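The values are calculated or read from the model by the stated rules, or taken from the named source; none is laboratory data. This structure is a prediction, so every number in the text was calculated from the model and none was measured. Positions of Cβ are backbone-derived with ideal geometry, glycine not excepted, and every protein chain shown enters the neighbour counts. Just the protein is used for accessible areas: all its heavy atoms, side chains included, with ligands, DNA and RNA removed. Shrake-Rupley method; radii C 1.70, N 1.55, O 1.52, S 1.80 Å.
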Amino acid sequence: MATTAKTRVIPAGLSREQLHEIYYYLRLTRSLEERLRNLYRQGKVIGGLYSSLGQEGESVASAYALAEGDILSPLIRNLGAMLVKGAKPVEVLRQYMAKATSPTAGREMNIHFNDLRLGFLGQISHLGDMVPVMAGIALSFRLRREPRVGLVYVGDGATSTGAFHEGVNFAAVQRVPLVVIVEHNGYAYSTPTSRQTAVERLADKARAYGIPGRTVDGNDVLAVYEATKHAVERARAGEGVTLLELVTYRRRGHAEHDDQRYQPREEIAAWEGRDPIERYTRQLRDNAWIDDAGIAAIDDRVSEELDRAVADSENDPVAAPDTVLRSVYLDPPAADVLWFRRRDA
Amino acid sequence: MPEVTYLEALRQGMLEEMERDESVFILGEDIGAYGGAFKVTDGFLDRFGPSRVIDTPISEAAIVGAAAGAAHMGLRPIAEMQFIDFISCAYDMLTNYVATARYRAGLATPIVVRGPSGGYVRGGPFHSQMPEAAFFHTPGLKLVAPATARDAKGLIKAAIRDDDPVIYFEHKFLYRRIKEDLPEGEEILTPIGKARMAREGTDLTIVTWSALVWKALEAAEQVAKEDRAEIEVLDLRTLLPMDDEAIMSSTKKTNRVLIVHEDTRTGGLAGEITARINESAFEWLDAPVRRVTAHDTPIPYAPTLEDYVLPQTADIVSAARRLLAY
Ligand SMILES: Cc1ncc(C[n+]2csc(CCOP(=O)(O)OP(=O)(O)O)c2C)c(N)n1
């Protein structure tokens with residue numbers, strides 16, 4: 001390649017292929033959400049639609065810093081992290097459309113699903129609850145002397161919950177191999193961070209738990225990767241919990257129905273100018289880590305994969321109630337059909 | 001007379017009480033500038049200012065605990081849960097601290113904890129709950145669950161004025177679907193502890209509340225038309241303390257009782273109501289007391305699944321027919 005002369009050394013020990021893969025996941029996340037928005041407008045999404053526009057960088061890069069066998073727990077804006085861990089777009093589409101073929105067979109919504117084998121745990125809505133659970137997953141790694149690491153995402157808002165506090169404290173004092181990522185995106189629903197917490201930097205909270213805390217530019221993909229990698233290695237080496245505050249911005253409303261009138265237009269515009277994907281792409285190009293043809297090839301691949309995923313999900317049957325009473329418990333295997341639905345009762 | 005939605009009636013009730021009594025204030029997540037996730041408190045911030053309309057961090061235990069502390073000092077807080085499903089985060093505060101305060105310490109805790117409740121909205125397992133039974137078991141709490149716009153207003157006003165803690169379950173399926181003419185200028189106060197006769201009948205009593213009052217009424221109309229039987233529908237409105245008198249007097253009138261609620265069967269309120277009827281009116285019964293409830297599962301997301309798990313009008317019709325034929 002003619003451009004190799006300009007090529008600079010890639011930071012953070014990443015290879016060129018890995019850089020391209022990160023770009024692929026960034027693009028996949030954004031494009032999948034665009035497809036979902038179209039389906040939402042067509043009335044095909046049941047319930048709400050959540051967007052991570054402008055936050056894909058931190059979500060993808062932090063998850064990318066994990067190894068096989070590590071487990072993360074995403075929140076509603078961590079579609080990118082789940083894709084990195086192997087969740088498939090077709091699964092996400094089926095979830096949002098409540099299809100029988102979805103990973104939860106229509107029981108749960110949006111990206112509330114899990115695959116512990118691939119390395120992601122399904123969230124519940126109650127904010128903060130995943131932190132103690134991830135502390136326990138990390139505790140299991142330590143008890144079994146497995147060189148595995150857990151990573152849990154919370155929003156700025158969720159740091160106000162009791163569960164967050166108890167979970168981080170528990171993890172810190174037990175020195176479990178856990179990375180706590182606080183995505184500081186400026187708002188919790190309509191509430192700006194200034195009304196959520198009196199600390200300047202959310203990373204400052206780490207001090208109260210006796211763990212290191214760091215603030216990182218969440219829209220700088222490579223910086224997020226590097227910081228997370230460091231925290232993951234620390235955890236793997238038995239040095240305990242790290243809290244990373246990734247500063248980013250929620251460019252769409254809390255969910256699709258939200259008109260975000262409380263977010264100043266200029267503020268949104270300013271953050272559009274700091275788009276993590278554009279920034280990363282520029283970085284790749286400027287350093288000749290990729291060329292235009294390389295980008296186009298990845299974009300095309302994403303587009304084709306999503307065409308297929310939409311086609312493979314859109315016309316799937318809706319969830320049917322025949323199994324809805326099953327697996328509340330392992331034993332008994334199904335809840336009773338109530339008397340008024342039975343002929344014999 | 002202006003036609004008012006259930007949601008608007010609730011709003012008006014809070015507005016009137018905040019106008020009437022300076023000690024009433026409201027706190028919760030996104031309730032101020034944003035006006036609440038369902039716009040129940042839209043405009044409150046402009047009207048009463050940030051000291052009486054308080055946007056809080058995402059901290060349900062602190063919201064309820066702080067409300068309790070302020071209430072001890074003579075204020076009358078309304079604590080909003082963004083969805084009632086998140087009241088579980090304040091369960092300890094409500095059942096241990098708040099509910100026992102009067103009994104153990106002689107402390108008045110006049111708080112109202114309210115929030116959008118219930119299913120039929122495709123909200124999935126964590127935005128569809130009707131967690132009445134979790135609190136029904138706790139002496140010291142009062143529980144109300146209005147079905148009509150009039151009671152949405154009357155019960156919130158009564159709850160705010162009540163000297164004991166009240167959990168107010170407002171049904172989000174009813175918010176904008178239920179409308180009623182409510183006279184302006186009339187003070188609407190629904191007494192806590194008193195049921196409402198929603199439909200008179202002679203052949204069977206349905207005891208129910210909240211959104212299922214409307215399904216029960218639908219079922220009653222269908223049965224009247226197709227079976228020539230008249231169902232009485234008793235809307236409890238207050239779940240704790242329960243209006244035993246209304247339940248027994250209707251039981252003695254119709255001699256058949258069906259209890260209908262949207263919470264799950266096991267440990268649901270229907271069990272307690274059945275026991276009370278057995279204790280107080282057994283010899284008046286011509287048929288066993290039966291119940292139509294949700295199935296014993298979490299509430300699933302897909303419309304087909306949610307509709308299966310939750311009780312529907314057709315279920316009430318079928319249950320009523322079987323009881324009538326007993
Ligand atoms: C315990 C609890 N209370 C309230 C809610 C309702 N709720 C859902 S998302 C949200 C805001 C979350 O903000 P943040 O944690 O900053 O994450 P972000 O949406 O900004 O990614 C709120 C209040 C909830 N899910 N859980």
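Residues satisfying the criterion are absent from region B:190-201 (criterion: open to solvent by 10 Å² or more (accessible area, probe 1.4 Å) and touching a residue at least 60 places away in the same chain (Cβ under 8 Å)).
Take region B:104-122 and flag every residue that is among the small types (G, A, S) and open to solvent by less than 10 Å² (accessible area, probe 1.4 Å). Across region B:104-122, the qualifying residues are B:G115, B:S117, B:G118, B:G119.
Residues of region A:166-189 that are within 12 Å of chain B (Cβ to nearest Cβ) and more than 9 Å from the ligand (Cβ to nearest atom): A:E166 alone. Filtered by the rule that a residue be within 14 Å of chain B (Cβ to nearest Cβ) and either open to solvent by less than 40 Å² (accessible area, probe 1.4 Å) or at pLDDT below 95 (or both), region A:139-165 gives A:V154, A:G155, A:D156, A:G157, A:A158, A:T159, A:S160, A:T161, A:A163, A:F164. Test B:R52 against the criterion of being within 25 Å of B:L182 (Cβ to Cβ) and over 24 Å from the mean Cα position of the chain (by Cα), and give yes or no. Spelling it out, B:R52 is indeed within 25 Å of B:L182 (Cβ to Cβ) and over 24 Å from the mean Cα position of the chain (by Cα). Selection of region B:175-188 for residues being surrounded by 14 or more Cβ atoms within 10 Å (Cβ to Cβ) and out of contact with any Leu (no Cβ under 8 Å at 6 or more places or on another chain) yields B:R177, B:I178, B:K179, B:E180, B:L182.
When B:E17, B:E8, B:E80 are screened for being farther than 19 Å from B:T109 by Cβ, of a type in the set (D, E, K, R) and at pLDDT 95 or above, only B:E8 passes. Among the candidates B:A62, B:A79, the residue that is closer than 30 Å to A:E256 by Cα, open to solvent by 50 Å² or more (accessible area, probe 1.4 Å) and within 16 Å of the ligand (Cβ to nearest atom) is uniquely B:A62. Taken over region B:125-156, residues that are hydrophobic (A, V, I, L, M, F, W, C), open to solvent by 20 Å² or more (accessible area, probe 1.4 Å) and in a loop (DSSP other than H, G, I, E, B) amount to 1. The residue list A:L75, A:L116, A:L49, A:L127 contains one member that is away from chain B (no Cβ under 14 Å) and either of a type outside the set (G, A, S) or within 16 Å of the ligand (Cβ to nearest atom) (or both), which is A:L116.
All conditions but one from (1) within 16 Å of the ligand (Cβ to nearest atom); (2) away from chain B (no Cβ under 14 Å); (3) out of contact with any Ser or Thr (no Cβ under 8 Å at 6 or more places or on another chain) apply to A:A135; the one that does not is (1).
In contact with a strand residue (DSSP E or B) (Cβ under 8 Å, 6 or more places away or on another chain), open to solvent by 50 Å² or more (accessible area, probe 1.4 Å) and either among the charged types (D, E, K, R) or under 29 Å from B:K157 (Cα atoms) (or both), is that true of B:R321? Here the answer is no, as B:R321 does not meet what is asked. Residues in region B:111-124 that are part of a loop (DSSP other than H, G, I, E, B) and under 22 Å from B:T95 (Cβ atoms) were compared, and the one that is nearest to the other protein chains (Cβ to nearest Cβ) is B:G118.
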